[in-house]
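Report on the following structure.
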Amino acid sequence: IAKEVVKTMGGKLVLAGQRRENAPCDEIDTNAPYMEYVGFADWETRRTLLSNAKALLVPTTYIGPFEGVSIEAGFSGTPVITSDWGCFAENVIHGKTGYRCRTLEQYVWAARNIGNIKPEDCRDFALGNFSMERVAKMYDEYFSMIYTLLDKGWYELGTNRADMDWLNRKYV
């Protein structure tokens, strides 16, 4: 899908990651003039690639449970173009932090209009929802909840709850 988008609209697709012999991705001609394969991307390489990218293209064809790379892109201020299912329905605000697509035409439109997405919105959304400070509150709630379930399980009624703010999402 990513190859078809770039081939259709022009531009360059930079691919990163490991390759396995005889895997379907090995059928992709990374020597095409619109493709560049950079291999394994460690933390620093990923940060550099993402912060210099016009967009991160993640057209998964399965229902991804989290797809952390889209959040990494947000921390770099890079908008995301994704499929419209799985985690992306929650983690990509359509028209604000990227675009969610279902057809080639939609992916091409998103790529041509990616300049309408503000990098500061991408970063604000990532920081507001996935910073260590934010996620720590979610883990604290989870582990506190598990601890209180030791006696009556699901039927245990807490007496110290002040709020459920850990569920609130931060939007841009």
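The values are calculated or read from the model by the stated rules, or taken from the named source; none is laboratory data. Bear in mind that the values here come from a model prediction, so they are computed numbers and not experimental data. Ideal geometry is used to build each Cβ from the backbone, glycine not excepted, and the neighbour counts take in all protein chains shown. Side chains are part of the model used for accessible areas, which takes the heavy atoms of the whole protein and leaves out ligands, DNA and RNA. Shrake-Rupley method; radii C 1.70, N 1.55, O 1.52, S 1.80 Å.
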*asked:* Given the options Thr148, Thr82, name the one that is under 29 Å from Leu13 (Cα atoms) and either at pLDDT below 95 or crowded, with 18+ Cβ neighbours inside 10 Å (or both).
replied: Thr82
*Of the conditions (1) in contact with a helix residue (DSSP H, G or I) (Cβ under 9 Å, 6 or more places away or on another chain); (2) open to solvent by less than 60 Å² (accessible area, probe 1.4 Å), Arg19 fails just one. Which one is it?*
(2)
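Can Ala162 be described as outside any loop (DSSP other than H, G, I, E, B) and either of a type in the set (Gly, Ala, Ser) or open to solvent by 100 Å² or more (accessible area, probe 1.4 Å) (or both)?
In short, no.
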*Could you identify the single residue in Tyr139, Tyr107, Tyr99 that is open to solvent by 100 Å² or more (accessible area, probe 1.4 Å) and either under 30 Å from Gly10 (Cβ atoms) or assigned to a helix (DSSP H, G or I) (or both)?*
Tyr139
_Selection within the range 52-79 - over 21 Å from Lys7 (Cβ atoms), among the polar types (S, T, N, Q) and either within 11 Å of the chain's Cα centre (by Cα) or open to solvent by less than 60 Å² (accessible area, probe 1.4 Å) (or both)_ = Ser70, Ser76, Thr78
*Among the residues of the range 27-44, count how many are of a type in the set (Gly, Ala, Ser) and assigned to a loop (DSSP other than H, G, I, E, B).*
2
_Test of understanding: among Gly10, Gly64, which residue is of a type outside the set (D, E, K, R), at pLDDT below 90 and in contact with a Cys (Cβ under 6 Å, 6 or more places away or on another chain)?_
Gly64
